[in-house]
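Colleague: What follows is a structure written as structure tokens; I'll ask about it next.
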Amino acid sequence: MWRHRRPLALGFALMVLGRGAGLVLPASPKWLVDEVVGKGRHELLVPLVLAIAAATGVQAAASLALLRVVGTAAQRAIAEMRLRVQERVVRFPARYFASTQSGALISRIMTDTEGMRNLIGGGVLEFVGSLLTAVLAVGVLFYLHWQLTLVSLAVLVVFTGGMTYAFGRLHPLYRERGEITAQVTGRLAETLGGIQLVKAYGTEKREQRVFARGVHRLLRSIVRSIAAASATSAFATLALGVVGVLVVFLGGRALLGGRMTLGDLFTYVTFSALLVAPVMDIAGLTAQISEAFAGLDRIRELMQTPTEDDEDHGALPVPSLRGDLAFENVCFEYVAGVPVLRDVSFHAPAGTTTALVGSSGSGKSTLVSLVMAFNRPQRGRVLVDGHDLRELRLRDYRAQLGVVLQENFLFDGTVADNIRFARPDASREEIEEVARLANAEEFIRGFPQGYDTVVGERGIRLSGGQRQRIAIARALLADPRILILDEATSSLDSESEALIQEGLRRLRAGRTTFVIAHRLSTIRSAEQILVLEGGEVVERGTHAELMALGGRYRELHDRQYAWEHDLFVNPGEELHPETAVEEDEAGVAAG
């Protein structure tokens, strides 16, 4: 709110002006009844009417200006808050997103910030304005009949205590409601994001039931908050009803006893209404402000969550990398007591290619995530150019990484925009050059809009192989020092893979490259191959050395070669491992 103190100060001034002008009409009965009618001062009627008309005009103008000033300030505050929260959220460590629904974060960014409208957009000013009107009304009421006013205030003190109690009860209810809303939104986002999988397995009904359970939980939470807010409103009505009874009874007795004039009584009743209306406003605003604070509590949690920038505090800048990388006795586990990597050590000299081989769950992707600093080892060190990766500024380091992951994510934009994502300032000529290198130009030119074709959310309008080739072109454009290829050719057919391998070899030249590949034929040229099993490096060496060793790598290679030969060369004919080895060695010699 302090960031928007100027429009709020202007709004406060307009509010005071409007509230002050609003007192003219309720004060007029005393002049009308006692002076114009009672004393026959008819000449005061026209000035009195003009004063009321002028005050009403001022009140209307002030109200219009107030709504525009604070409404604009509120929307600007909401926009700024969303920007600040989004800016912080995208700087959270990658491990944070592994345990948090993206839909829940979207709900916090887009929905919880709406609470700013209830604070800046009139809520607080209305609250203050109601208090100001109540104070002015109490001053006039004391002047007219202080004994009656004391009794009325005693009732309102009890009401204030009730409102304080109600605020304490409403706050956790609205907080729970916001959390459930985030959970339901998160699940809905997952369902829509995986709609093809949902339809493929025919689980629409199941997803509908899951969503219905969430909606009913949300409904129950909303009903509880409505019940609490309704009880607050009923309590306010009861308290103010008691004040009304006291005013009629004691005011009537004072009139009959000659202690008040008829004009005094009319004015007292109208100012009692001015006191009653703000109190009713306060009862309604309590719920709004409780909801706003609950949302801001959840935003505060996000704003207090450590980011990668916090981890980078005091880290070394990385103007350029050679790309020399080493693991020293690295151990990592996602769940305490369940190791994923065990004492992994190796050295990847700058400009060399290191291939990672192993069965599913052996730790290959986890190792690569440590190279990208998505995770930190519990024990051991990852060294880059001789520096512990923890000591390097992540933003600088990652600016020199190129990544083609197994799951290629494309944004809902054009083909050119997705390739340009790595370098927003790249020219069209550079984009087309890397597309040719990635063997993507042919299918891109086949689209009616070419490079301006919109690929759809997550690239849904493209095939898996097309998405993968665009991702490779994106990595080529980044011109990285360290390159990560995680199943970079897994979605390509044999023909496309053969065409793209030359481009990948040119891409790898002079760069430190890590390749995860189940197709062992794609990693024969790697300077070193690490075979992982159970989170440990069980074998290491070149393709020829590992084949000669006759261990786990040879076993994986022979099994895959036999399967591919049976499938593509001689369907139905069994291929013995000895034959596979002979053919492979012949292929290596020919290469």
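Colleague: Please compute the per residue accessible area over the stretch 1-87 with all protein chains in place, 1.4 Å probe, rounded to a whole number of Å².
Modeller: 62 Å²
Colleague: Considering only the other residues whose Cβ falls under 13 Å of the Cβ of K199, what net charge follows from Lys and Arg at +1 and Asp and Glu at -1?
Modeller: 0
Colleague: Okay, moving on. State the antiparallel share, in %, of DSSP beta bridges confined to the chain, rounding to the nearest 5.
Modeller: That works out to approximately 50 percent antiparallel.
Colleague: Now for a separate question. Is the shape of the stretch 403-454 best called rounded, prolate or oblate, per the rule: a/c under 1.5 gives rounded, else a/b larger than b/c gives prolate, else oblate, with a ≥ b ≥ c the square roots of the Cα gyration tensor eigenvalues?
Modeller: It is rounded, given that a/c, with a ≥ b ≥ c, falls under 1.5.
Colleague: Moving to a separate point now. Need one value: the accessible area of E457 in square angstrom, 1.4 angstrom probe, rounded to the nearest 10.
Modeller: Spelled out: E457, probe radius 1.4 Å, area about 130 Å².
Colleague: With an 8 Å cut-off on Cα pairs and a minimum separation of 6 or more residues, tell me the relative contact order of the chain in percent.
Modeller: It rounds to 13 percent for the chain.
Colleague: Roughly how many debye, to the nearest 20, is the charge dipole of the stretch 247-371 about its Cα centre, given +1 on each Lys and Arg Cβ, -1 on each Asp and Glu Cβ, and no other charges?
Modeller: The dipole of the stretch 247-371 has a size of about 620 debye.
Colleague: Once you sort the root eigenvalues of the Cα gyration tensor of the stretch 365-410 as a ≥ b ≥ c, which label holds: rounded (a/c under 1.5), prolate (a/b larger than b/c) or oblate (the other case)?
Modeller: In terms of gyration-tensor shape, oblate.
Colleague: When only Cα pairs under 8 Å and 6 or more residues apart are kept, what is the percent relative contact order across the stretch 24-126?
Modeller: Normalised by residue count, the contact order of the stretch 24-126 is 31 percent.
Colleague: Work through the residues other than G263 whose Cβ is under 9 Å from its Cβ and net out their charges, Lys, Arg +1 and Asp, Glu -1.
Modeller: -2
Colleague: From the helices alone, meaning DSSP H stretches of at least four residues, give me the mean residue ellipticity at 222 nm for the chain, per-run term -39500 (n - 2.57), in deg cm²/dmol to the nearest 500.
Modeller: -20500 deg cm²/dmol
Colleague: Add +1 for every Lys or Arg and -1 for every Asp or Glu among the other residues with Cβ under 15 Å from the Cβ of P306, and state the total.
Modeller: -1
Colleague: Have a look at L401, F447, N418 and report the one farthest towards the positive end of the charge dipole of the stretch 378-447, computed about the Cα centre with Cβ charges (Lys/Arg +1, Asp/Glu -1).
Modeller: Among L401, F447, N418, the one farthest towards the positive end of the dipole of the stretch 378-447 is L401.
Colleague: If you place +1 on the Cβ of every Lys and Arg and -1 on the Cβ of every Asp and Glu, how big does the dipole about the Cα centre of the chain come out, in debye to the nearest 20?
Modeller: 3680 debye
Colleague: Which residue, L485, T164, G202, has the largest displacement toward the positive end of the dipole of the chain when charges sit on each Cβ (Lys, Arg +1; Asp, Glu -1)?
Modeller: So the residue furthest toward the plus end is T164.
Colleague: Still on this structure, please answer the following. Please name whichever of Q59, G115, Y96 sits farthest to the positive end of the charge dipole of the chain, dipole taken about the Cα centre and charges placed at Cβ: Lys and Arg +1, Asp and Glu -1.
Modeller: Result: Q59.
Colleague: Would you list which lysines come within 18 Å of K39, measuring only between C-alpha atoms, while excluding same-chain residues fewer than 8 positions from it?
Modeller: Counting by Cα, and skipping residues close in sequence, K39 has these lysines nearby: K30.
Colleague: Moving on to the next point. Determine how large the accessible area of F12 is when every protein chain is in place; take a 1.4 Å probe and give Å² rounded to the nearest 10.
Modeller: About 90 Å², rounded to the nearest 10.
Colleague: Further question: Membrane-span-like helices in the chain: DSSP H runs reaching 15 Å or more (Cα, own axis), mean Kyte hydropathy at least 0.5?
Modeller: Span-like helices here: 5-21, 45-89, 123-144, 204-256, 262-304.
Colleague: Related question: Would you mind telling me the share, in percent, of accessible area of the chain contributed by carbon and sulfur at probe 1.4 angstrom?
Modeller: Whole-percent figure for carbon plus sulfur exposure: 60.
Colleague: I've got another one for you. At 1.4 Å probe size, what's the solvent-accessible area of Y451? Round to the nearest 10 Å².
Modeller: About 10 Å², rounded to the nearest 10.
Colleague: Ok, one more. Kindly report the accessible area of the stretch 394-435 per residue (heavy atoms of protein chains, probe 1.4 Å, no ligands, DNA or RNA), in Å².
Modeller: Result: 52 Å² per residue.
Colleague: Here is a further query. Can you give me the Cα centroid spacing of the stretch 5-32 and the stretch 205-219 in angstrom?
Modeller: The distance from the Cα centre of the stretch 5-32 to that of the stretch 205-219 comes to 49 Å.
The values are calculated or read from the model by the stated rules, or taken from the named source; none is laboratory data. Fair warning: this is a prediction, and the values are worked out from it, not measured in the lab. All Cβ positions, glycine included, derive from the backbone under ideal geometry; neighbour counts span all protein chains shown. Side chains are part of the model used for accessible areas, which takes the heavy atoms of the whole protein and leaves out ligands, DNA and RNA. Shrake-Rupley method; radii C 1.70, N 1.55, O 1.52, S 1.80 Å.
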